[in-house]
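Visitor: This is the structure, below, for whatever I ask next.
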Amino acid sequence: MPTAEEVRSRIPTAEDADRLTNLIIDLQARGLRINTPFERRPGGAGPSDSGMIWIEGTPLTVPVDANFVEGTPFTLEAEDVGFGIYRDGQRVASAAPANRPKFYDMETADGTPYWQIALMHLDSLASTVLQTCAYWGNDDQCRFCGIGVSLDAGRTVKVKRPEHLAEVAVAAKNHDGAVDITLTTGSTYGRDRGALYVAKCGHAMKEASGLPVEVQFEPPDDLSVIDRVADLGVDSLGIHVETFDPAVLARIAPPKARTGIERYFETWEYAVERFGEGQVTTYVILGMGEDPDLVVEGCKRAVDIGVYPFIVPLRPVPGSLMADAIPPTREYTDRIARQVAPYLVERGLTADKVQAGCARCQACSPLGALEQSLQLADTPGRKLIPVMDVS
Ligand code: SF4
């Protein structure tokens, strides 16, 4: 696995970074056919149905199993030394599939396999600490979510215990080079929405391993919960509105629509006060029928108050209510990301300053690569990166 320094040194010019950014956007839109043994992650919350690879040293999750992947021009091929990404048979980049983590062969004293407690997402250790959600299986279920899928398949533990998670964190750091921890949770009907339990888990893991931690939860009824989360030593927060289009939010995530987009902004403002600019993030999923202008406007408003909008193209989760959807086109993702990334860079709210979590990892988003392109660009006054026609 490359170090952060190796990753930086492999992207020497803005042009290289542009080329890589375009490839990342293409792969996230079209998927990758795998012609070689490969570590993948089906089902669950987060980057479900994903292959995990390093492309030219940059981490990427990419659809590999969904039906639409059959039509992709991209393949992963084994080479004499290492692997390559090919487009219509022509090599376009070097690749290194994530190895099976060594800690997957370990288990707790009571016999629970470590891989049922937490998983490696490239160099981030991730877990859904409460694998049930108050909304799962009823009219409130978020349409894009797959939290119950891996539980039903027996691939995970329903409630992860802090002491088990702490054990796994130490092993993931020592044996597999984990650099941070990303924790999410299903929502609860409790007034804290599960925030205090996921933070307690994060606290135990950080205490044991020393790794920085992001925890993700819904806006709690009482914002002082955020102070208690901060007091537990958590580094970064994910409070995910998912979309800035209220009509789409009402359709795809009814409980979040009832919370209301304004309440997300209130919660973020409070959280930024405690955690600092850039340490509070929100997922923004593209390709669910939203008005793109509302998305860009919402992202910029979030950036203005110090919140990092983590833009990701929709990745349909098998077993979710959107299992048959397809990701947005590369042009759509490209157009929105290229309006948000310069805004982030201008305000100094970039991924490299995020301590932990998805916005630090960036494997599910094109934003990190785009930011790098912009930061490397040496043309004075250059604001936007030209879009390369790869259709
Ligand atoms: S961005 Fe988040 S969900 Fe995606 S691989 Fe990284 S830690 Fe996992």
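Just so you know, all these numbers are worked out from the coordinates, no wet-lab data involved. These numbers were taken from a predicted model, which means no experiment stands behind them. Glycine also receives a Cβ, built like all others from the backbone with ideal geometry; neighbour counts cover every protein chain displayed.
Visitor: Treat every Asp and Glu Cβ in segment 308-380 as -1 and every Lys and Arg Cβ as +1, leave all other atoms uncharged, and give the resulting dipole magnitude about the Cα centre to the nearest 20 debye. If you can, show how the numbers build up before the last one.
Guide: On the way: 7 positive and 7 negative charges, 30 e Å.
Taking the Cα centre of segment 308-380 as origin, the dipole is about 140 debye.
Visitor: Once a ≥ b ≥ c are taken as the square roots of the eigenvalues of the Cα gyration tensor of segment 68-189, is the result rounded (a/c under 1.5), prolate (a/b larger than b/c) or oblate (a/b not larger than b/c)?
Guide: Since a/c reaches 1.5 but b/c is at least a/b, the shape of segment 68-189 is classed as oblate.
Visitor: Counting pairwise Cα distances across segment 246-391, what percent come out greater than 27 angstrom? Each step should come with its number before you reach the end.
Guide: Working: 2318 of 10585 pairs.
Result: 22 percent of Cα pairs exceed 27 Å.
Visitor: Relative to the Cα centre, what is the charge dipole magnitude of the chain, using +1 at the beta carbon of each Lys and Arg, -1 at the beta carbon of each Asp and Glu, and rounding to the nearest 20 debye? Numbers along the way, then the final one.
Guide: Numbers: 38 positive and 55 negative charges, 64 e Å.
The calculation lands at about 300 debye.
Visitor: Label segment 152-263 by shape, choosing from rounded, prolate and oblate, from the square roots a ≥ b ≥ c of the eigenvalues of the Cα gyration tensor; if a/c is under 1.5 it is rounded, and otherwise prolate applies when a/b is larger than b/c, oblate when it is not.
Guide: Because a/c hits 1.5 or more and a/b exceeds b/c, segment 152-263 counts as prolate.
Visitor: Could you derive backbone 3J(HN,Hα) for segment 356-370 from the dihedral phi with the Karplus parameters 6.51, -1.76 and 1.60 (θ = phi - 60°), listing whole Hz in sequence and x where the residue is Gly or Pro?
Guide: Ordered by residue, 3J(HN,Hα) equals 7, x, 4, 5, 6, 5, 6, 5, 9, 10, x, 4, x, 5, 5 Hz.
Visitor: Per DSSP H run of at least 4 residues, take -39500 (n - 2.57); add these up for the chain, divide by its residues and hand me the 222 nm value, nearest 500 deg cm²/dmol.
Guide: Numbers: 13 runs with 139 residues, N = 391.
Helix-only estimate at 222 nm: -10500 deg cm²/dmol.
Visitor: If you don't mind, there's one more thing I want to ask. Just going by the charge dipole of the chain, with Lys and Arg at +1 and Asp and Glu at -1 on Cβ, which of Pro309, Gln141, Asn22 is farthest out on the positive end?
Guide: Going by the charge dipole, the pick is Gln141.
Visitor: How large is ³J(HN,Hα), in whole Hz, for each residue of segment 291-305 in order, when computed from phi with the Karplus curve 6.51 cos²θ - 1.76 cosθ + 1.60 and θ = phi - 60°, using x for Gly and Pro?
Guide: 7, x, 5, 5, 5, 5, 4, x, 4, 5, 5, 5, 4, 4, 9
Visitor: Within the set Lys206/Lys300; Lys173/Lys200; Lys300/Lys353; Lys160/Lys200; Lys173/Lys206; Lys158/Lys200, which residue pairs have Cα atoms separated by over 22 Å?
Guide: Values: Lys206/Lys300 32 Å; Lys173/Lys200 19 Å; Lys300/Lys353 18 Å; Lys160/Lys200 11 Å; Lys173/Lys206 11 Å; Lys158/Lys200 16 Å.
The answer is Lys206/Lys300.
Visitor: Through the Karplus equation 6.51 cos²θ - 1.76 cosθ + 1.60, θ set to phi - 60°, convert the phi angles of segment 230-242 into ³J(HN,Hα) values in whole Hz; use x for Gly and Pro.
Guide: For segment 230-242, the Karplus curve yields 4, 5, 7, x, 5, 8, 9, 10, x, 10, 9, 7, 6 Hz.
Visitor: Could you tell me which residue out of Ile336, Ser150, Met120 lies farthest along the dipole of the chain toward its positive end? Charges go on the beta carbon: Lys and Arg +1, Asp and Glu -1, centred on the Cα centre.
Guide: Comparing the listed Cα positions along the dipole, Ser150 ranks first.
Visitor: Can you compute log10 of I(q)/I(0) for segment 102-376 with the Debye formula, treating each Cα as one identical point scatterer, at q = 0.11, 0.12, 0.16 Å⁻¹?
Guide: Log10 I(q)/I(0), no solvent term: -0.59, -0.71, -1.31.
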